[in-house]
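The values are calculated or read from the model by the stated rules, or taken from the named source; none is laboratory data. If you're wondering where the values come from, they're calculated on a predicted model, not measured in any experiment. Here the Cβ positions follow ideal geometry from the backbone for every residue, glycine too, while neighbour counts run over all protein chains shown. Quick note on the areas: whole protein, heavy atoms, side chains included, nothing else; ligands and nucleic acids left out. Shrake-Rupley method; radii C 1.70, N 1.55, O 1.52, S 1.80 Å.
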Amino acid sequence: MRTTLFRKADIFLIGAVASAAVLLLVLYVRQMSCLRTPELEILVDSRIYGTYSLSEDQEIRIGETCVCTIENGRVMMKTADCPDQVCVHTKAIDKNGGSIVCLPNKVILHIIEASDGGEVDTVAG
Amino acid sequence: MGRWIRLPDKKIRKLAFLGLFAAAAILIGYVEAMIPVSLAVPGIKLGLCNIVVLLLIEFYSWREALAVSVVRILAIGFLFGNLFSIAYALSGSLFSIAVMTLLKKTGKFGILGISSVGGAAHNTGQVVMACLILKGFPWQLYLPVLLLTGLATGLVTGMTAYLTGSRLRGKVSPERQTDS
């Protein structure tokens, strides 16, 4: 019984594996780029109030006390009912990091690197 | 061409040939151990020993292929490697042998196809084991590269096995199990 070296079906076989490789590559690249999207995280009294994407212009009301805005990827405290208004006067923060704090209201606005799922061990899910 | 020694008992003949295959596999493994591929996943191997595995699957069955592979892995592992490389090699070979045997059973593929996918499977098995033992690093990210590399080395392995096999046919023990 002679063994055949090559058959047409082989092309499909090899092609399938090669495509799988490319597919995985694309998947990984997408997940990697997701890992580096910075977002705004708002903490109230050390508890996470919410996380917001910097790419969307929006106005966020934090409880009864403060209002912050995201505009063109920059975060600013628009209004706050605290007496010193330090937070309102703090320079805007953007994707490069930084934080705006309103101590009297215990509000912290800071930039975090978004992490898609967190543990890299779950990337291949 | 030398004369082939005719041993009276078929089993002894087969055993002798398997010993030769094992020796060949160890030799290949020795050469392979000198090629530094550990730049990527540490302890990973090229998978050249699939030449012997292919020949064994062709002339015997997956059982002989597995047996000789285990012998080779332990020998090379203790001589040149460490426990990790043994683990990787075992999982890689196991998966590779399984895939190649299944593909061969369908009867639809040629040696090049089987061996290239076998090479890719070999690397996949190694990566999977790396993910399991060396936690804390996403080894699976190497998979795309290793799949393609595996296909490439598999092609080389397959071609070599084909050329070798066509010369060995009829000389190796006639005890062939085509359907294991």
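Of the residues making up the range B:46-62, those that are farther than 19 Å from B:Ile86 by Cα and either surrounded by fewer than 21 Cβ atoms within 10 Å (Cβ to Cβ) or basic (Lys, Arg) (or both) number 2.
For the range A:71-84, check the following and say yes or no: at least one residue is open to solvent by 80 Å² or more (accessible area, probe 1.4 Å), at pLDDT below 85 and not aromatic (Phe, Trp, Tyr). No, the range A:71-84 contains no residue that is open to solvent by 80 Å² or more (accessible area, probe 1.4 Å), at pLDDT below 85 and not aromatic (Phe, Trp, Tyr). One residue stands out in the range A:27-40 among those that are more than 10 Å from the chain's Cα centre (by Cα) and surrounded by 15 or more Cβ atoms within 10 Å (Cβ to Cβ): the one that is farthest from A:Ile112 (Cα to Cα), namely A:Tyr28. Of all the numbered requirements in (1) closer than 30 Å to A:Val29 by Cβ; (2) surrounded by 14 or more Cβ atoms within 10 Å (Cβ to Cβ); (3) at pLDDT 85 or above, A:Val88 misses one, and that requirement is (1). Restricted to strands (runs of 3 or more DSSP E) entirely inside the range A:1-76, those with at least 1 residues that are of a type in the set (Val, Ile, Thr) and without any contact (Cβ under 8 Å) to a residue 40 or more places away in the chain are A:47-53, A:58-62, A:66-71. Every test in (1) open to solvent by less than 70 Å² (accessible area, probe 1.4 Å); (2) away from chain B (no Cβ under 14 Å) is passed by A:Leu24 save one, and that test is (2).
Only one entry of B:Thr124, B:Thr149 meets the criterion of being within 14 Å of the chain's Cα centre (by Cα), within 12 Å of chain A (Cβ to nearest Cβ) and open to solvent by 10 Å² or more (accessible area, probe 1.4 Å), and that entry is B:Thr124.
Look at (1) away from chain A (no Cβ under 11 Å); (2) surrounded by fewer than 17 Cβ atoms within 10 Å (Cβ to Cβ); (3) in a helix (DSSP H, G or I) and you find that B:Lys171 fails only one, number (3).
With respect to B:Gly136, determine if the residue is within 14 Å of chain A (Cβ to nearest Cβ) and not in a helix (DSSP H, G or I). Here the answer is yes, as B:Gly136 does meet what is asked.
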